[in-house]
């Protein structure tokens, strides 16, 4: 059986209301380096990749990343747990992300 692969572009558009961990600032943020555990990704962070599991309330977004902020960069992305799912957006405990399906 062949599974349907969903490729997405995910862009953090703002911090979630009452975020558990506020968004980091871009000053001093180094992508790929473990930063402070009490901050989430900066606003306007963007990644492309393959969705590893369906979007599910209470579960994190899990993506096999292929690009970060327009630069090819393999890795894994895991968000905080999903709290709300819209037509083209998702709100997690920390962030609101705009989603776009890629070809």
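Quick notes
- The ranking of 87, 92, 66 from fewest to most other beta carbons within 10 Å of each one's beta carbon is 87, 66, 92.
- GNM result for the chain, Cα springs below 10 Å: residue of 90, 43, 71 fluctuating most strongly: 71
- Counting only DSSP beta bridges with both residues in the chain, the antiparallel share comes to about 95 percent.
- In the elastic network of the chain, a GNM with C-alpha springs shorter than 10 Å, the most mobile of 70, 49, 28 is 28.
- Structure remark: mean-square fluctuation, Gaussian network model of the chain, C-alpha springs under 10 Å; the largest value among 30, 61, 85 belongs to 30.
- Packing-based exposure ordering (other Cβ within 10 Å, fewest first) of 97, 21: 21, 97
- Relative contact order computed over the chain (Cα-Cα under 8 Å; 6+ residues apart), in percent: 33
FYI, it's all coordinate maths here, none of it is from the lab. From a predicted model like this one, the values you see are computed outputs, not experimental measurements. Note that we place each Cβ from the backbone using ideal geometry, even for glycine, and neighbour counts take in every protein chain shown.
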